[in-house]
Amino acid sequence: MAERDNRRGPRRDRDETPEFADRLVAINRVSKTVKGGKRFGFAALVVVGDQKGRVGFGKGKAKEVPEAIRKATEQAKRQMVRVPLKEGRTLHHDMAGRHGAGKVVMRTAPEGTGIIAGGPMRAVFEMLGVKDVVSKSIGSQNPYNMIRATLNGLQKEQSPRSVAQRRGKKVADILPKRDEAPAAAEAEA
């Protein structure tokens with residue numbers, strides 16, 4: 001009997017704490033003009049992530065708001081991408097992303113900085129699990145393009161481990177040594 005309770009326990013916990021967190025970024029009322037007048041619907045933009053390095057976005061349209069959000073959430077879960085994080089809190093290096101007229105610049109930040117980002121970008125970083133980042137959106141303020149540009153930049157990110165593996169070296173060979181960096185600067189002066 002106790003064995004059966006143990007099997008049911010974790011399943012109940014999984015239902016209570018969902019694997020993914022989601023954030024509604026934008027909701028838009030759209031209309032279709034038909035012979036008798038206008039038919040209104042809703043378009044939703046949702047960002048979903050596990051807050052441990054995976055994030056995705058989706059959009060959904062329906063006659064009712066909850067249905068549009070549900071469709072967007074399902075699409076976001078299907079389109080998730082993995083992003084390597086430095087110490088589980090920030091980006092490995094600075095990068096820029098672009099989609100259409102939307103451009104974003106993302107920079108790694110020291111601990112305690114927090115998320116310095118505008119609306120849609122903030123949602124992406126929170127769902128990704130980034131704690132410290134400085135970012136700026138340049139160009140289009142359209143939330144769809146801002147999210148796509150942010151994900152475009154995040155997909156360019158490479159961890160030192162992946163670079164070392166691709167080049168056939170050790171991670172220590174790729175990362176600059178802390179003691180040698182000041183010594184090299186003094187030698188040049």
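Values in this text are rule-based calculations from the coordinates and carry no lab data. Bear in mind the structure is a predicted one, so any value in this text is a computation, not a measurement. Neighbour counts run over all protein chains shown; Cβ positions are idealised from the backbone, glycine included.
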Cβ-Cβ FRET estimate between Lys61 and Ala96, R0 fixed at 41 Å, reported to 0.05: 0.85
Cut-off under 5 Å, modelled amide H: who pairs with Asp94 long-range: Thr108
Nearest-0.05 FRET efficiency for Val163 and Ala21, computed from C-beta distance (R0 25 Å): 0.25
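Quick one: which of 130-142, 86-98 comes out on top by average Cβ neighbours within 10 Å, and what's the full order, highest first?
Going from most to least packed, we get 130-142, 86-98.
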Sorted peptide list for 113-126, 29-42, criterion being average Cβ within 10 angstrom, highest first: 113-126, 29-42
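Return the Rg/Rh value of the stretch 2-173, two decimal places, where both radii are evaluated on C-alpha atoms and Rh is the Kirkwood radius.
1.08
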Amide H contacts under 5 Å for Ile115, placed H, 5+ residues apart: Val133
Label-point gap, in nm, between Asp173 and Val81 - each point 7 angstrom along Cα→Cβ: 2.9 nm
